[in-house]
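What follows draws every value from the coordinates through simple rules; no lab data is involved. In this text, all values refer to a predicted model and were calculated from it rather than measured experimentally. Ideal geometry is used to build each Cβ from the backbone, glycine not excepted, and the neighbour counts take in all protein chains shown.
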Amino acid sequence: MKRHLTTFLAMLAVVGAVDFATPVFAGEQPNLLIMGEDADQDTVPRNSRVFNQVLNALAGEMQAKGFKVYDETAVSMDITNPGVVRRTDAEVLTIAKRIPGVPIDVATVFQIYAFAERNPYANITDLRVRIPGRLINVQTGQALGNYEIAYGPGQLTPLPVQCNRDCVLEHVGGEAKKIATDVGAVLAQKLDFLSPARPQSPTAVLQGGGMSGMTGVPSGMMGMTGMAAPSDCTGMTTAYSLVFNGFAPEEITRIEEYIVSFKGYDHHRPMRAQLTSSEYWYETCSDAARLNRNLRLMAEQMGIQTRIGMVGNKIQVDKIAPPMQR
């Protein structure tokens, strides 16, 4: 009893040191999905090369600001046909909300209006291009910001003489890409205001050995929920879905202490929690083999038998418990 009390007091001391010695960290960074709304017959459809140029320009600006942008086709093709054109606003947001595996937080929805019109005073074909974009919280529907850039006749370079269809598409695409870059830069700045980047925290305080004696947790794998050391990742992180079945609530608490201490840990997010089942969105720069090994070592340290199965980026850990004696 005395040993447990001593450990508990040591934990409180470390918690206090962290709370006072480190700055307040920004909230969890959102996952982004950039989607075009083309239900209006006057908008450029999603099967156009102009549409793709605008989409890539928007994504580039969001990525340059450090946000994680997911490809719509890659994450939605299991539940819908990505090739469908003329999607309504409601359909676009429904798809974003129902994406399996990846929790999409913010949808960047845009439209492209592009027209060519003859100048009434000269044999010149002018362009009119308008690109509105907006940020929407997928889960709550909250409007987070919007921005629009529009250019009318005389503000853009006219089309060349005798410009065929390919010529028009290339010319319009070039202008739309430039406009989309500016729209994306403003939207990225608006989102940065709402979700600022995590400040770099001194590692000395968090790397102390004050927790290395905690009962049942091996040295080098220490950590408490919300107190993980800053990510030691130097490259792109990978996301996994970790599912734990058959564990009691107190065991889930211990599991969270372990998974935040694995080498390469970046961050995690609870996706589903039930009495004996919990699912986490888990990001790490560690490879799958190391993560699998760490989970096996965790089970060994906890003194439990498990079955660990892995399909793609989903890892399921099932507890094998002996029958209860009554």
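Listed values, structure above:
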item	result
Count of the range 289-313 residues which are over 17 Å from Gly246 (Cβ atoms) and in contact with a strand residue (DSSP E or B) (Cβ under 7 Å, 6 or more places away or on another chain)	3
Residues of the range 74-115 classified as closer than 20 Å to Tyr240 by Cβ and surrounded by 13 or more Cβ atoms within 10 Å (Cβ to Cβ), total	8
Enumeration of residues in the range 285-317 that are in contact with a Lys or Arg (Cβ under 9 Å, 6 or more places away or on another chain), under 15 Å from Ile255 (Cβ atoms) and surrounded by 15 or more Cβ atoms within 10 Å (Cβ to Cβ)	Asn294, Met298, Ala299, Met302, Ile304, Thr306, Gln316, Val317
Spans of strands (runs of 3 or more DSSP E) in the range 254-323 with at least 2 residues closer than 18 Å to Thr237 by Cβ and of a type in the set (D, E, K, R)	265-273
Evaluation of Leu135 against (1) touching a residue at least 40 places away in the same chain (Cβ under 8 Å); (2) in a loop (DSSP other than H, G, I, E, B) (one fails), failing number	(2)
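A quick yes/no check of all residues on (1) assigned to a strand (DSSP E or B); (2) of a type in the set (A, V, I, L, M):
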{"position": "Asp78", "(1), (2)": "no, no"}
{"position": "Asn81", "(1), (2)": "no, no"}
{"position": "Ala96", "(1), (2)": "no, yes"}
{"position": "Val102", "(1), (2)": "no, yes"}
{"position": "Val109", "(1), (2)": "yes, yes"}
{"position": "Phe115", "(1), (2)": "yes, no"}
